[in-house]
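Read through the structure below, which is laid out as structure tokens, and then see the notes.
Any read-out appearing in this document is the output of simple, stated calculations on the displayed coordinates, not a laboratory observation. Note that this is a predicted model, so its numbers are computed, not measured. Here the Cβ positions follow ideal geometry from the backbone for every residue, glycine too, while neighbour counts run over all protein chains shown.
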């Protein structure tokens, strides 16, 4: 049994990552107090994060939604030529954008608390699931994945794409692969608008 197969806790966190990542969003919905300025500051960042996700999903496909790690092929082109985890980079940007947008009228301490809790819990979850995913990729693709890791960083993108990327961009998969994300994004936007009107 390899490390990937033997780590049930990481597999559990990976399977339930959506629900776990929803908890900070609920905190923003319950306790956030947006302002026009915070919305104008945060939403462009949130949309940038979703654009990064869509770019990545166009290369990785619908397998990103599975409850277990799946990779029919090792994709190293597109955003994957800059960073190994572009989906998570996109998620982090979106979360940071919404954290900014929702907390404009909160006290400084409350704003820091909500942002720290949200982004900190996201970082903790990714610190668990990224090694889980990479253990699978290492077991499946071996030397090719090791070479990729040697060229492309996990979180902070390169300034220029690594050479020799493999994979094709298929935008037609984005609506199916991102349907839940689009729904969550729309819900956060509607609630943000309602809270702003009542603030």
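Projected label points at residue 23 and residue 161, each 7 Å from Cα along the beta carbon direction, are separated by 3.8 nanometres.
In plain terms, the residue of 195, 170, 159 with the fewest other Cβ atoms within 10 Å comes first and the most crowded comes last, giving 159, 170, 195.
Relative to one another, the C-alpha centroids of region 139-199 and region 24-68 are positioned 10 Å apart. Placing a label point 7 Å from the Cα of residue 68 along the Cα-to-Cβ direction, the residues of region 7-22 whose backbone N falls under 13 Å of that point are 7-8, 11-12, 15.
Can you tell me the FRET efficiency between residue 12 and residue 140 if r is taken as the Cβ-Cβ distance and R0 is 22 Å, rounded to the nearest 0.05? Working from the Cβ atoms, E equals 0.60.
For the residues 34, 24, 72, a GNM of the chain with alpha-carbon springs under 10 Å puts the largest fluctuation on 72.
Rounded to the nearest 10 degrees, the inclination of helix 108-141 to the longest alpha-carbon principal axis of the chain is 10 degrees.
Short-range pairs are left out: with C-alpha atoms under 8 Å and at least six residues apart, the relative contact order of the chain is 37 percent. In the elastic network of the chain, a GNM with C-alpha springs shorter than 10 Å, the most mobile of 62, 83, 52 is 62.
What's the FRET efficiency of residue 197 with residue 117 using the Cβ-Cβ distance as r and R₀ = 22 Å, to the nearest 0.05?
E between residue 197 and residue 117, to the nearest 0.05, is 0.30.
Given the alternatives [x] 16.5; [y] 10.4; [z] 11.4, mean projected area of the Cα convex hull in nm² as computed for this entry is given by [z]. Nearest 10 degrees, 0 to 90: what angle lies between the long axis of helix 36-60 and the longest principal axis of the chain (Cα atoms)? So the helix axis and the longest Cα principal axis differ by about 20 degrees.
Largest GNM mean-square fluctuation across 124, 36, 11, computed for the chain with C-alpha springs under 10 Å, falls on 124.
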